[in-house]
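Everything below concerns the one structure shown next.
The values are calculated or read from the model by the stated rules, or taken from the named source; none is laboratory data. In this text the structure is predicted, and so the values were computed from the model without any measurement. Cβ placement follows ideal geometry from the backbone for every residue including glycine, while neighbour counts extend to all protein chains displayed. The protein model used for the area step is the full one, side chains on, heavy atoms only, and it has no ligands, DNA or RNA in it. Shrake-Rupley method; radii C 1.70, N 1.55, O 1.52, S 1.80 Å.
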Amino acid sequence: MVAKEPSIGQLENFQKSKVVKVFYNGVMNSPYYRLWWLLQNFLVVSCLTILMSLPALAKLNLGDSLPTISGHVFNKETFSTKEWQGKVILINFWASWCEPCKEELPLLQSFYQTYHAKGLEILTISMDKPADMVIAKKLIATYPFTNAYKEDLTLQEFGRIWRIPSTFIINRQGIIVKDGLKGEPLVNESFLRQVVLPLIENTK
């Protein structure tokens, strides 16, 4: 059987395939390609590690029972929300560098002083970095309600607090009636009187 002479098209395809192979081998053996490959894998692994280390977004929803928060407050005393069963609880996440947070504190103080004896408890939780804790403690020290640092409390059930200020409201039955990560983030006098005060007055 006589072999046919390859056509011009076949020869061109063969030459192209040889060029492609040479180019591919050159790229694969290039130190720049290896560096790019290592960098790409490093970035992928780093991103996955960061994502896996981030706490989940808030797990609590309206109507959920407040999980027990326990730990130490700023004066180093042990603390647990179990001590506040049957009371209306306002939990405020704040930071010393957050101007809207600091503007809320005097209002919370006034409301607390008026209604604490009627069953209101307030817990402020500082979201400051450790380097700013001296400032945070000094700022909050003059306020009469319970104050603590996020790292000193069990807050896993809250997930990631992604905005501040954030205020959660819990009724006397221990049910979350205001999700601090939804709706208007700021607390004002109208909110306290329309949302929190009726809960305090309802002693059933």
Next item on the list: Would you check if Phe74 is of a type in the set (Phe, Trp, Tyr), open to solvent by less than 60 Å² (accessible area, probe 1.4 Å) and out of contact with any Gly (no Cβ under 8 Å at 6 or more places or on another chain)?
Entry: yes
Next item on the list: For the range 89-102, state whether one or more residues are under 18 Å from the mean Cα position of the chain (by Cα), crowded, with 20+ Cβ neighbours inside 10 Å and assigned to a helix (DSSP H, G or I).
Entry: yes
Next item on the list: Output the residues belonging to the range 134-166 that are open to solvent by 20 Å² or more (accessible area, probe 1.4 Å), under 21 Å from Phe111 (Cα atoms) and either among the hydroxyl-bearing types (Ser, Thr, Tyr) or under 18 Å from the mean Cα position of the chain (by Cα) (or both).
Entry: Thr142, Tyr143, Thr146, Ile164
Check: For Leu108, are the conditions met, namely being of a type in the set (A, V, I, L, M, F, W, C), at pLDDT below 95 and within 17 Å of Ile164 (Cα to Cα)?
Finding: no
Item checked: Among (1) open to solvent by 30 Å² or more (accessible area, probe 1.4 Å); (2) within 23 Å of Lys82 (Cα to Cα); (3) in contact (Cβ under 8 Å) with a residue 12 or more places away in the chain; (4) more than 24 Å from the chain's Cα centre (by Cα), the one test that Glu189 misses -> (2)
Check: Within the range 27-44, is there a residue that is modelled with pLDDT of 65 or more, assigned to a strand (DSSP E or B) and more than 29 Å from Thr203 (Cβ to Cβ)?
Finding: no
Next item on the list: Starting from the range 58-70, keep only residues that are under 14 Å from Leu153 (Cα atoms), then list their pairs with residues that are of a type in the set (Asp, Glu) and modelled with pLDDT under 90 whose Cβ atoms are within a distance under 7 Å, requiring at least 6 positions of separation or different chains.
Entry: Pro67/Glu157
Notebook entry, point to check: Checking Ile169 against (1) in contact with an Asp or Glu (Cβ under 8 Å, 6 or more places away or on another chain); (2) within 16 Å of Val88 (Cβ to Cβ); (3) crowded, with 17+ Cβ neighbours inside 10 Å, which single condition isn't satisfied?
Noted result: (1)
